[in-house]
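To start, the structure itself, in structure tokens.
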Ligand code: FES
């Protein structure tokens, strides 16, 4: 009865308590905010993370992340430009020309009398910022619980790398996005003929464990032969029938996942970092790696296939309510063990981190 009552008003959006818990719980982690290649030398970029607006710039070769809100009268710094002040690069506000350098330090107030020093209270906070896997990452807390997870295939010359750029954010929470990517029992239903077969919807036997930094899930499945399950450049690949694949899923808390698919053909990796723009929106950064069918001319086909699979998932994940994963105590969900064991373990960890506490 409890669950049925709650299901009637889930479209209204989460409570203020649930939103605050999500934002606070997701704060002490590294999150990607933009592609590094998109950051220009002379222009700052606007990004949004956990409901906050941030400005990103590269100043004298060093990445800077700070509030996208000027200390003076709160105009957006990202509407300004990168200028040189006393030999130092800084982000200049478009409204009255205040400028902020590395670490958010205010380095110029044009209206200040020449004999007065810039007060320390004019500074903005500078956030931890890093560049990895071609992405710019921000840690708003200055004390992230975990480092940015390893992605060994990314730097391995034996692998071809393909990136998938999504034109717009996805209307769901980053945690639901990770749950949807970790979920394998939807393969026969949403990706029939590509990743599964509806005549065989039975879940695989999952082995699930945690180590210091990540949740790991391992299982074996059979999938139809195609470019993301086997090497289709082999002449006999299509005729060989279903492909036996060992999946090893690595979830870096709270919203980074690396699905490693090993088969006779080699390894295919699906990597996703879902950036929590806010409780109801995420920006998804996808990278795919393969160590077979290595002709670069084939990359576009891999990108097209990945985008197709992604489009199959998107409307379903965006349809889920409540926006935030409801905690177990609400009984809104009915996870089915053992098939849903990976999702149950992921959600348990989210609750331990106080990310999923209310609806
Ligand atoms: Fe930025 Fe005035 S609001 S300088």
(Q) Contact order normalised by length for the stretch 73-125, with contacts defined as Cα pairs under 8 Å and 6 or more residues apart; what percent is it? (A) 24
Q: Name the most mobile residue of 21, 143, 65, meaning the one with the largest mean-square fluctuation, in a Gaussian network model of the chain with Cα contacts below 10 Å.
A: 143
Q) Given a cut-off of under 8 Å on Cα pairs at least six residues apart, what relative contact order in percent is computed for the stretch 15-95? A) 21
Q: Order the peptides 223-229, 169-175 from the highest to the lowest mean number of other Cβ atoms within 10 Å of their residues.
A: 169-175, 223-229
Q. Tell me, 290, 102 in order of fewest to most beta-carbon neighbours within 10 Å?
A. 102, 290
(Q) Taking 0.36 nm per residue of sequence separation and subtracting the Cα-Cα distance, how much length would be gained by fully extending the chain between residue 200 and residue 307, in nm to one decimal? (A) 36.0 nm
Q. Can you give the percent of C-alpha pairs in the chain whose distance is more than 34 Å?
A. 34
Q. Between residue 336 and residue 95, what length in nm is gained on full extension when 0.36 nm per residue of separation is reduced by their alpha carbon distance?
A. 81.2 nm
Q: Output the relative contact order of the chain, whole-number percent, from Cα pairs under 8 angstrom with separation of 6+ residues.
A: 20
Q) Taking the Cβ-Cβ separation of residue 128 and residue 192 as r and a Förster radius of 41 Å, what is the calculated FRET efficiency to the nearest 0.05? A) 0.40
Q.
Give the separation of the Cα centroids, the stretch 241-280 to the stretch 118-162, in Å.
A. 20
Q: Give the shape of the stretch 17-84 as rounded, prolate or oblate, defined through the alpha-carbon gyration tensor: a ≥ b ≥ c are the square roots of its eigenvalues, a/c under 1.5 means rounded, and otherwise the shape is prolate if a/b is larger than b/c and oblate if not.
A: oblate
Q.
Could you identify which residue out of 68, 299, 12 has the top mean-square fluctuation in a GNM of the chain using Cα springs shorter than 10 Å?
A. 12
Q: Going by C-beta contacts inside 10 Å, put 178, 287 in order with the fewest on the left.
A: 287, 178
Q: Decide, for the stretch 156-248, between rounded, prolate and oblate: order the square roots of the alpha carbon gyration tensor eigenvalues as a ≥ b ≥ c, take rounded if a/c falls under 1.5, and otherwise choose prolate if a/b is larger than b/c, else oblate.
A: rounded
**Q.** Average projection area in nm² (convex hull over Cα atoms of the stretch 162-313, one quarter of hull surface)
**A.** 9.2
Q: Give the angle, between 0 and 90 degrees and rounded to the nearest 10, that separates the Cα long axis of helix 16-26 from the longest principal axis of the Cα atoms of the chain.
A: 90
Q: Specify the residue with the greatest mean-square fluctuation among 162, 33, 277, computed from a Gaussian network of the chain linking alpha-carbon atoms under 10 Å apart.
A: 162
Q.
Order these by the 10 Å Cβ neighbour count, fewest first: 330, 281, 304.
A. 304, 330, 281
Q | Added length on full extension, which subtracts the Cα-Cα distance from 0.36 nm per residue, residue 74 to residue 226 | A | 49.5 nm
Q.
If each DSSP helix of 4+ residues adds -39,500 (n - 2.57) and the sum is divided by the residues in the chain, what number results at 222 nm, nearest 500 deg cm²/dmol?
A. -5000 deg cm²/dmol
Q) If you take the square roots of the eigenvalues of the alpha-carbon gyration tensor of the stretch 271-324 and sort them as a ≥ b ≥ c, do you get rounded (a/c under 1.5), prolate (a/b over b/c) or oblate? A) prolate
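A short reminder: the numbers here are calculations on the coordinates, not readings from a lab. All of these numbers come straight from a predicted model, not from anything done at the bench. Every residue, glycine as well, gets a Cβ built from its backbone with ideal geometry; the counts of neighbours run over all protein chains shown.
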